[in-house]
Amino acid sequence: MAEWMQWLVEPFRYEFMLRGLWASLIVGVVCPVLGTYVVLRGMAFLGDALAHIILPGVVIAFMIGWPLPVGALIIGVVAALSIGAIGRRADIKEDAAIGVVFAGAFALGVALISVQRSYAVDLAHILFGNLLGVSTADIRLMLGLGAIVMLAIFAFYKEFLVLSFDPVLAATLRLPVAFLQNMLLVLLAIVIVISLQAVGVALVLAMLVTPASAALLLARRLPVMMLLSAGIGVFSALVGLYLSYYADIVSGSAIVLVATLFFGVVFLFAPRKGILSSLLRRNLG
Amino acid sequence: MAQLITRPPSHDREAPALSMEAVHFEYDGTVVLRSVTAEIQAGELVAIVGPNGAGKTTLLKIVAGVLKPDQGSVRVFGHRPGGHVCIAYVPQRSQVDLSFPVTVAEVVMMGRIRKIGPFRWPSKADWTFVRQALQRVGMSEFAERQIGELSGGQQQRVFLAQALAQEAEIILLDEPFTGLDISSQEAILSMLQELKASSVAILVSTHDLSLANQRFDRVMLLNRRLIAFGVPAEVFIRPNLLEAYGGHVHDLPEAGGTMVLAEPCCGDDAEAERG
């Protein structure tokens with residue numbers, strides 16, 4: 001076998017690396033695809049907040065012996081729906097409401113962890129992911145939840161498109177606007193749960209926002225943006241894993257760093273919307 | 001176009017296309033619209049004029065169903081507008097995100113998604129509809145462009161095509177002429193004439209009183225309440241204009257009579273900001 005192939009195959013001789021690969025590929029596809037809506041609808045702060053709000057759910061599930069994703073999912077969906085409800089009231093601005101819920105829930109989560117024995121290790125795993133500790137059951141769950149998210153995005157493609165592009169048209173066409181908005185929030189909560197083990201609470205936002213933002217600079221149609229976003233996500237996951245293995249960096253951070261670097265390159269060199277091409281245009285035109 | 005419009009059976013053909021009965025709307029305790037009552041027939045081209053903050057955009061949004069009136073009701077062909085998709089509303093163009101990755105043809109297709117129904121994708125016939133709508137507004141060659149690459153007038157025509165693709169029988173346009181050059185204005189006006197000929201009811205808000213005077217069947221003069229509603233010659237008389245625009249009215253002596261000139265400011269309506 002050629003040396004470079006040896007180099008490529010080497011990490012995946014280990015079962016845990018192979019499982020990590022699967023998990024990161026699932027995250028690398030699902031997160032960036034839903035992320036296109038997060039970017040287009042300006043939901044980045046909400047996404048970050050939801051990720052942090054999920055922390056106490058994970059801890060409580062751990063304490064009462066439930067599967068962690070179940071606890072995360074329950075609190076995530078509840079939080080998503082209540083933020084949606086708060087946001088529809090006029091007396092508190094939505095971002096402030098999100099901030100209150102987000103910081104409060106996160107503090108509760110940290111407090112709950114701190115009374116546990118293995119505080120430091122557990123907190124680090126939840127904050128930054130533990131890709132190499134993913135079990136086969138975890139992967140099955142991620143795959144199932146990921147399939148649900150992708151199916152929903154596919155099934156409601158044109159409705160989500162109209163809702164995101166032109167909310168007034170959505171209302172004129174009598175689309176069920178509140179239902180669709182809530183569904184997007186629930187999908188967001190599910191995706192965060194899926195990503196928890198791969199990149200952790202602190203970095204989920206990067207997988208939601210970074211590939212989709214790079215894709216937005218390259219695409220002029222939403223389906224293309226979704227494909228590119230998923231492609232960038234998968235690329236980041238793969239390269240990040242190698243980086244993690246050979247440079248001994250925490251896997252979640254490695255994946256996010258690759259995605260960020262990718263975004264930087266696109267930001268500078270994108271054919272139409274990149275910095276360089278607009279500079280060139282200005283000078284030539 | 002007439003054969004393209006399929007009418008849902010629920011329509012009461014005897015009833016006017018649109019009737020507003022004592023429509024009342026308040027925002028933050030301020031009365032925006034006071035008891036507006038008016039009827040508009042199929043095939044009528046009606047202008048809504050009035051000063052900034054007169055409630056023009058609010059009235060259009062209520063008719064569209066985007067806002068709910070606090071009192072009164074809007075009837076569409078004799079029925080409440082809930083669930084009706086035969087109304088198309090073309091808002092001021094500044095209100096959509098023009099950097100959105102969507103092509104012109106896709107924007108037009110958005111008008112049809114209720115007709116297509118949930119869990120289904122546009123059929124060949126739907127795309128044919130979109131092509132025809134774009135052709136009617138003279139935008140066929142731009143079908144694959146991104147929406148943000150078009151000029152203001154072109155975007156306006158695309159949103160009009162969207163209303164056509166929706167097979168709307170009532171079309172509401174909010175300030176479609178603001179900031180357009182004369183030829184784009186004319187293009188939209190002649191399109192409205194065609195729609196009128198296929199008995200679509202059209203309601204247009206505008207700041208341009210002379211346009212309203214010359215090119216529309218009837219005019220609604222609005223300032224929080226309906227000051228006058230009728231043919232332009234009856235509406236554009238000095239007492240009405242004074243009531244709508246207050247002191248900003250001047251008389252200009254002219255051959256064959258007196259021309260009354262009002263000074264509606266040309267900025268965006270303050271009310272439009274509220275969304």
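Hey, can you tell me all the residues within the stretch B:143-165 that are facing chain A (nearest Cβ under 10 Å) and either of a type in the set (S, T, N, Q) or without any contact (Cβ under 8 Å) to a residue 40 or more places away in the chain (or both)?
Correct list: B:Gln146, B:Glu149, B:Gln162.
In the stretch B:26-50, which residues are more than 17 Å from the chain's Cα centre (by Cα) and not in a strand (DSSP E or B)?
B:Asp28, B:Gly29
Which helices (runs of 4 or more DSSP H) sit wholly inside the stretch B:94-142 and have at least 1 residues that are within 11 Å of another protein chain (Cβ to nearest Cβ) and touching a Cys at 6+ places or on another chain (Cβ under 7 Å)?
Correct list: empty, since no element meets the threshold.
Where in the stretch A:85-200 are there helices (runs of 4 or more DSSP H), lying wholly inside it, with at least 1 residues that are away from chain B (no Cβ under 14 Å) and either modelled with pLDDT under 85 or within 21 Å of the chain's Cα centre (by Cα) (or both)?
Fully inside the stretch A:85-200 and qualifying: A:94-114, A:119-128, A:136-155, A:177-199.
Kindly indicate whether B:Ser123 is closer than 21 Å to B:Gln193 by Cβ, free of Cβ contacts under 8 Å to residues at least 24 places away in the same chain and of a type in the set (Gly, Ala, Ser).
So B:Ser123 fails the test.
Restricting to the stretch A:60-84, name every residue that is part of a loop (DSSP other than H, G, I, E, B) and at pLDDT 80 or above.
Within the stretch A:60-84, A:Ile64, A:Gly65, A:Trp66 meet the criteria.
Give me the strands (runs of 3 or more DSSP E) completely within the stretch B:217-275, filtered to those with at least 2 residues that are at pLDDT 65 or above, ordered by residue number.
Once the strands (runs of 3 or more DSSP E) in the stretch B:217-275 are filtered for at least 2 residues that are at pLDDT 65 or above, what remains is B:218-223, B:225-230.
Suppose the filter is buried (at least 24 other Cβ atoms within 10 Å of the Cβ), farther than 12 Å from B:Val107 by Cβ, in contact (Cβ under 8 Å) with a residue 40 or more places away in the chain and within 12 Å of another protein chain (Cβ to nearest Cβ); does B:Ala168 pass it?
yes
For the stretch A:244-264, indicate whether the set of residues that are without any contact (Cβ under 8 Å) to a residue 40 or more places away in the chain, over 16 Å from the mean Cα position of the chain (by Cα) and within 14 Å of another protein chain (Cβ to nearest Cβ) is non-empty.
no
The values are calculated or read from the model by the stated rules, or taken from the named source; none is laboratory data. If you're wondering where the values come from, they're calculated on a predicted model, not measured in any experiment. All Cβ positions, even for glycine, are placed from backbone atoms using ideal geometry, and neighbour counts span all protein chains on display.
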